[in-house]
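See below for the structure under consideration.
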Amino acid sequence: LIGKSMGQFHSDFDPIKGNKETPCSIESYFIAKKIYIDKLTDSSGAIDYHIRGKGITKNSIKHLAKTSFNNNLMETYKTLYNGETLTFDLTAGQPSFAFSNDFTVSSRKEFLRNIKVNLEEGIVDQYFNY
């Protein structure tokens, strides 16, 4: 069952600090499709994070966590999970360019994207039969 061939399962967690061991998740927030975080560890006790955010860059997520959440990535995602709006600067840590109709290209100093996730509580009986 485990492998990289079609129909097999494999972890998409990168090894922590070059250790060849596949880490496991010890805490996660699954907020929406393609918006989630996993707090990872391995047998050495090292901690790392596997982060995804549809429409936002990893650099912008890390920048917001650093500037607004005391470098706490889990708290950043918890805030999204709780329904609050967060503003990510997509120029953080990388260039961003604006293309004009007159074919000129300019560098953006700031490119902000607001993210808010509206979660609905489902009815368990609709999904599972006990």
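Side notes on the structure shown:
- For Thr91, distant residues with modelled amide H under 5 Å away: Phe111
- Check: the chain dipole with +1 on Lys, Arg Cβ and -1 on Asp, Glu Cβ, in debye: 420
- The chain, accessible surface, carbon-and-sulfur percent (1.4 angstrom probe): 50
- Estimated from the Cβ-Cβ distance and a Förster radius of 35 angstrom, the FRET efficiency linking Ser100 and Ser68 is about 0.65.
- Per residue, the accessible area of the chain comes to 75 Å², computed with a 1.4 Å probe over protein heavy atoms only.
- Computed FRET value (nearest 0.05) for Phe30 with Glu110, which takes r as the C-beta separation and R₀ as 30 Å: 0.50
- Cα gyration tensor shape of the chain, rounded if a/c is under 1.5, else prolate or oblate by comparing a/b with b/c: prolate
- Here Asn19 and Asn59 are evaluated by their C-beta separation; at R0 = 25 Å the FRET efficiency comes out at 0.55.
- Entries in Lys33/Lys116; Lys4/Lys66; Lys34/Lys116; Lys78/Lys109; Lys33/Lys58 that, when Cα-Cα distance is taken, lie over 25 Å: Lys4/Lys66; Lys78/Lys109
- Distance between the pseudo-spin-label points of Ile2 and Ile47 (7 Å out from Cα toward the beta carbon): 2.5 nm.
- Loop trypsin sites (Lys or Arg not before Pro), the stretch 34-130, which have at most 14 other Cβ atoms in a 10 Å radius of their Cβ (DSSP): Lys34, Lys54, Arg108, Lys109, Lys116
- In the chain, the calculated helix contribution to ellipticity at 222 nm averages -5000 deg cm²/dmol per residue, counting -39,500 (n - 2.57) for every DSSP H run with n ≥ 4.
The values are calculated or read from the model by the stated rules, or taken from the named source; none is laboratory data. Note that this is a predicted model, so its numbers are computed, not measured. A quick note on method: Cβ atoms are made from the backbone with ideal geometry, for glycine too, and the neighbour counts reach across all protein chains shown. Ligands, DNA and RNA are excluded from the accessible area calculation, which covers all protein heavy atoms including side chains. Shrake-Rupley method; radii C 1.70, N 1.55, O 1.52, S 1.80 Å.
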